[in-house]
């Protein structure tokens, strides 16, 4: 068993790397061959595609990690994400709607502290409901 990991420090690093408004370095937190999965994506090693998908729909995505706990080679964290919905083509029902999402993520890390596995758990209906409600309110549903 190695030294205890600073999971709170890791959470702050991760928040900065996930901030699409200013951040960078998300992929650098992953080990070669790391796998990512969420409710919209089967497990994949293509982190660039995950970022592309996120940026296409939520170009200003950022999240706050509200709680994190972990062991030597794993952590679980809860988060609240914030973004502005970008409809396909840059216009359409709900385009520009601010959304908030809640979720939890389980990660595994190697001995160097690089992520080898990332699994997101969230309700995909949460942002969809916010976008639909905004579209109805604007008469553009």
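The values are calculated or read from the model by the stated rules, or taken from the named source; none is laboratory data. On a predicted model such as this, the values are computed, not experimentally measured, just so you know. We place every Cβ from the backbone using ideal geometry, glycine too, and count neighbours over all the protein chains shown.
The condition (being without any contact (Cβ under 8 Å) to a residue 40 or more places away in the chain and closer than 23 Å to residue 134 by Cα) is satisfied by just one residue among 56, 42, 104: 56. Of the residues in the stretch 32-43, at least one is touching a helix residue (DSSP H, G or I) at 6+ places or on another chain (Cβ under 7 Å), more than 29 Å from residue 139 (Cβ to Cβ) and loosely packed, with under 14 Cβ neighbours inside 10 Å. Evaluation of residue 88 against the conditions (1) more than 23 Å from residue 109 (Cα to Cα); (2) surrounded by 14 or more Cβ atoms within 10 Å (Cβ to Cβ) shows that the sole unmet condition is (2).
Among what's in the stretch 11-25 and is in contact with a strand residue (DSSP E or B) (Cβ under 7 Å, 6 or more places away or on another chain) and assigned to a helix (DSSP H, G or I), pick the residue that is nearest to residue 47 (Cα to Cα). It comes out as 18. Candidates 90, 94, 113, 70: the one that is touching a residue at least 24 places away in the same chain (Cβ under 8 Å) and under 30 Å from residue 138 (Cα atoms) is 94. Looking at residue 22, is it exposed (fewer than 13 other Cβ atoms within 10 Å of the Cβ) and at pLDDT below 95? Answer is yes for this residue.
Within the stretch 73-87, being assigned to a loop (DSSP other than H, G, I, E, B) and under 22 Å from residue 139 (Cα atoms) holds for 85, 86, 87.
Remark: residue 50 matches the filter, which requires a residue to be crowded, with 16+ Cβ neighbours inside 10 Å and out of contact with any helix residue (DSSP H, G or I) (no Cβ under 8 Å at 6 or more places or on another chain).
To keep it simple, each residue is scored yes or no on (1) over 16 Å from the mean Cα position of the chain (by Cα); (2) more than 19 Å from residue 23 (Cα to Cα).
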site	(1), (2)
42	no, yes
50	no, no
123	no, yes
136	yes, yes
